Amino acid sequence: MIEDLLTNKKYLFASGANTELRAQRNLNRRAVLLNGALVGNVRTEQFGVSARVYENGVYGFSSTAEYTDETVKDVLRAASENAAFLAQHAGRGKGPHKPMANGQSRTAFDLNDVEQRAYIEFIQALDGYVARKYPDLMSRTIVATADSMEKLLCVSNGTDGHSIIPRSYIYVMMTMAGADGKPVELFKVIGGGFGTFDRHFVRPEACFEEIDRLYDRLRQKAEGVYPEAGSKTVILGGTLSGMLAHEAVGHTVEADLVLGGSVAGPCLNKRVGSELVTLVDFAHTALGKPTPLPVYVDDEGTAATDALLIRDGILVGYMNSRETAERFSMAPTGNARAYLFSDEPLIRMRNTAVLPGTSKLEDMIASVDDGYYLLDTNNGQADTTGEFMYGVTFGYEIKKGKLGRALLDTTISGVAFDMLKTVDMVSDEMIWASSGMCGKKQPMPVGMGGPALRCRVTIGGR
Amino acid sequence: MIETIKKTAQSAVTALKNAGADKAAANVSYTITHEFNVDGGEFSLFRTLFDKSLSMTAIQGGRKGTVAQNRYDEKTIADSAKACLEAAASAQPDENWDFAPESGNQDFVLGEPKPDTDRLFDRCRELMAAVGERFPKIIMEQMIVSHKEIYSAKANSYGVLFSTHEGYYEVSLMFSGHEGEKASSFFGSGVVTDSLDKPFLALGSIEKDLADVEKQIETTGVSGKFEGTMVVMPGCLGSLFYSLLSDFAGEGGLLSGTSPWKEKLGEQVADERITLSLAPLDERIVCGNRYTGEGFRSENFDIIRDGRLNAFYLGLYGANKLKLPRGKNDSFNLVVAPGDRSIEQIIASVDRGILVGRFSGGQPASNGDFSGVAKNSFLIENGKIGPALSETMISGNMADMLCRLRAVSSEQVADGMSVLPYMAFDGITISGK
């Protein structure tokens, strides 16, 4: 655990300014098998301390990889000087942030830093199973990955914190020849989530069923078809609706992007979706259970609470830092987070999800005469206009209420606040995902989730 | 400082050898960053960062492990050497792992190592003022302008010892056009430069990009679906070719056996007017790598020369494993040879198509199929650039596309990282709602 060299430096914080001191350690462990060859075998650690000072409406920041009493003082001094430089040349004539209650949040625990051998041996067992059982594959890739962020935070006003977020996953990617001989591929995140690798992955055999399912789907895909291009009725599976919540809606309601001109600016308190759509960025608890990646305090010292973004189809809020919350007269909910010790906090999502509804998935599929059921995605991108795009890596045709042939890779797109208005059925079960990294100047682990949605989107076809 | 960094790299190699490595390599760096941020059109942040990095790789009995830290005191080096050997011990042996032999060590000084922070800030203010005056519909969502000073060294147990002391400025802009409640898509533009002699607006394609985005506030959709010509702007070409080269000519696609080009070295894979190089030593590239991550001296090389597949983008491991020549550098400083027609002439030759500024698409499949949304794009009809487009999808196949070249422009844009022309490809599926 990170030793506390910060609390006893509070006496150095300047009055009339907001100051944050943060010591942070990020660990990454990764092992990659490609066709049985270990092509990745890496352990990394990044550790250091940073200070940020808010003065006259602008920030100064400094960081260093050394963590000693002296370097803590050094970064504090440098951050103050940087704030003073910018305040002198581009200050906004503002005082400190609106004060909030002081407090403490301690959720850190001693992390079991799993030996590299454990990652390698586990994926070797999986690789052996795949190689033996599925010799017809053109290639197979199996990845074990684990990362963690431990943060010790000390602020001039707000909640001091000591937290840790570890997560671990296994990815399996398979490639086989399609009908035309060209490669067709599919990947799956197998198990994992919050916690260390040894907690999630005890017996390789426990992963075999998921691997078999992945292979079955790949076989279906290899014989699949391209969807017909155009505007279609689709059922978006939970993985895709979670991606929608994050990419297409979530980013547009980050308050810094609202200030940058996102579509959500003029839409506050207006209808942006059907009455069936409610969307929340959860902090640490969702629907009575811990979120995939719980956040209890952000890196500005704001105690984390849920951010209600869309309620019954009406856009009701943004995600904020302390600064933007004041601009929009909203309460900050703890969304300002930094990825590395050397990164400044930015407005980031935590666990963003569309809430489940009341429909049964089988009824939703049965209700579609001619459309598609879209299940997996390999990435998604969205614009500040709300226009979004996802790569769809697996799905089925729906013909007269029945699932048909599998789909080859395609793309769907739409405009979020138009598309959400077409949502007319929402399933009663939701799926969470947490293995991805959101990119916005800095990477950030995020959770996203959702139920199945029936809606209309534009599908790419070929 | 650079001597300290070099000694640290050598110490790390020695520590790995002492811990039992047959072969060892280390990279060490110290980076000082000065960075200004603008958010929502206003200056928001000034930061200074002092970062270290140490990466140590051991090969022992053909088993390889790598450990990376951001400290390099004596204890960290000793602990990392032990951890590195432990990681290697867990791997299975593979005789193809190796490092570069010593072939003439050298110390390099590149770019402008020391920052002029006051002048950098003045250039930032000048750009913000110019945007406000000349492009009043633009909101600068984010501007990040920085100077990086980097001391780095690479050493290995064959006696390789390279070092670099370099410095460069980076300008990264994210902006959109607005008029009332109407807005364009966001667009990113940027450059790397080692000089503050010119206003930022005059660098790369920044000025043209700002002008284009102001024209993208009003958009129209394409009705239906047609096959037409895709003219790709230089700023978009790099990301398309990155996917193509990774999947077709890179280690991943070749080792997995999924690359459609795996048996095509020396064969025609593209129109003969296409020559595509990775050229960190090109004079228009700022602070291009002088040596590779494996310790080889960098050389420029052509991946595609006159349409023929000339080389793969392989590291030493992939080259040994596949018994193919390795790539002569590991940068992605892409240089595409210019053509003999101006962009105006190319546009004039297109009956119906699309001028694409940004491609928002899924990762292209390993067979080269791609589909996605054409962002910051314009319709081309009857030889003229038409309205800006929204909700327009494009799809095709990367390999087929290279063989259906219409033209390469004589103009190139150099942004310090790449040198790229406009390229026009026929046979692309363009569809609207």
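Here, each number is a calculation from the coordinates, and none is a lab measurement. Given the structure is predicted, the values throughout are model-derived calculations rather than measurements. Note that each Cβ is placed from the backbone with ideal geometry, even for glycine, and that neighbours are counted across all protein chains shown.
Here are a few things to note about the model shown:
- Using alpha carbons only: equivalent-ellipsoid semi-axes of chain B, gyration tensor based, whole Å: 41, 29, 18
- Cα-based helix-to-principal-axis angle, B:2-18 vs chain B, degrees rounded to 10: 60 degrees
- Span from the region B:318-359 Cα centroid across to the region A:41-111 one, whole angstrom: 43 Å
- Spacing of the two label points (7 Å from each Cα toward its C-beta) at A:R199 and B:S172, in nm: 3.2 nm
- Relative to the dominant Cα principal axis of chain A, helix A:69-90 is inclined by about 90°.
- Around B:L201: net Lys/Arg minus Asp/Glu count, Cβ-Cβ under 11 Å: 0
- Shape category assigned to region B:349-411 from the gyration tensor of Cα positions, a/c cut at 1.5: oblate
- Look at the stretch A:175-182: the mean tally of other chain Cβ atoms within 10 Å of its residues' Cβ atoms is 3.
- Eligible aspartates and glutamates near B:K114 by straight Cα distance, threshold 12 Å, same-chain separation 8 or greater: B:E149, B:E166, B:D194
- Relative intensity, log₁₀ I(q)/I(0), of region A:252-376 from a Debye sum that treats every alpha carbon as a point, q = 0.14, 0.17 Å⁻¹: -0.69, -0.92
- Stokes-Einstein, applied to the Kirkwood radius of region B:2-214 over Cα pairs at a viscosity of 0.692 mPa s and 37 °C, places its translational diffusion at 166 µm² s⁻¹.
- Phi angles across region A:352-360 convert, under the Karplus curve 6.51 cos²θ - 1.76 cosθ + 1.60 with θ = phi - 60°, into 3J(HN,Hα) values of 9, 8, 7, 7, x, x, 10, 7, 8 Hz, Gly and Pro given as x.
- For chain B, share of DSSP beta bridges that run antiparallel, in % to the nearest 5: 90 percent
- Measuring between alpha carbons in the structure, the pairs from A:K232/B:K433; A:K188/B:K321; A:K188/A:K221; A:K270/B:K182; A:K94/A:K151; A:K10/A:K73 lying more than 18 angstrom apart are A:K188/B:K321; A:K94/A:K151.
- Volume of the convex hull of the protein assembly as shown (Cα atoms only), normalised per residue: 150 Å³.
- Degrees separating the helix B:117-134 axis from the principal Cα axis of chain B, which is the longest one: 20 degrees
- Gaussian network model of chain B, Cα within-10 Å springs - most flexible of B:G104, B:G61, B:G327: B:G104
- Considering all different alpha carbon pairs of region A:7-222, the Kirkwood hydrodynamic radius works out to 20.6 Å.
- Cα pair distances of region A:230-459 binned at 5 Å [whole percent]: 1, 7, 15, 20, 20, 16, 10, 6, 3, 1, 0, 0
- Percent antiparallel among DSSP beta bridges (both partners in region A:7-222, rounded to 5): 95 percent
- Across A:K399/A:K421; B:K7/B:K52; B:K148/B:K375, pairs whose alpha-carbon gap is larger than 20 Å: A:K399/A:K421; B:K148/B:K375
- Karplus-derived HN-Hα couplings along region A:169-183 (A = 6.51, B = -1.76, C = 1.60, θ = phi - 60°), whole Hz, x at Gly and Pro: 8, 10, 10, 10, 10, 10, 10, 9, 6, x, 4, 8, x, 7, x
- Anisotropy class assigned to chain A is oblate, per the alpha carbon gyration tensor with a/c at or over the 1.5 cut-off and a/b no larger than b/c.
- Spin-label zone in region B:240-267 - amide nitrogen under 12 Å from a point set 7 Å from the Cα of B:K323 along the C-beta vector: none
- The HN-Hα couplings worked out from phi for region B:371-383 by the Karplus form 6.51 cos²θ - 1.76 cosθ + 1.60 (θ = phi - 60°) are 8, x, 8, 7, 9, 6, 10, 10, 6, 10, 9, 6, x Hz, whole numbers, x standing for Gly and Pro.
- Centre separation in Å (Cα based) which lies between region B:401-433 and region B:158-211: 21 Å
- Centre separation in Å (Cα based) which lies between region B:24-60 and region B:228-266: 30 Å
- Links that overshoot a 28 Å alpha carbon limit, given the list A:K360/A:K400; B:K137/B:K225; A:K440/B:K323: B:K137/B:K225; A:K440/B:K323
- Legend: mean number of C-beta atoms from other chains within 10 angstrom of residue C-beta atoms, peptide B:386-399, equals 3.
- For the protein assembly as shown, the 222 nm mean residue ellipticity estimated from helices alone, with every DSSP H stretch of n ≥ 4 adding -39500 (n - 2.57) and the total spread over all residues, rounds to -6000 deg cm²/dmol.
- Average partner coverage of A:152-164, which counts Cβ from other chains inside 10 Å: 0
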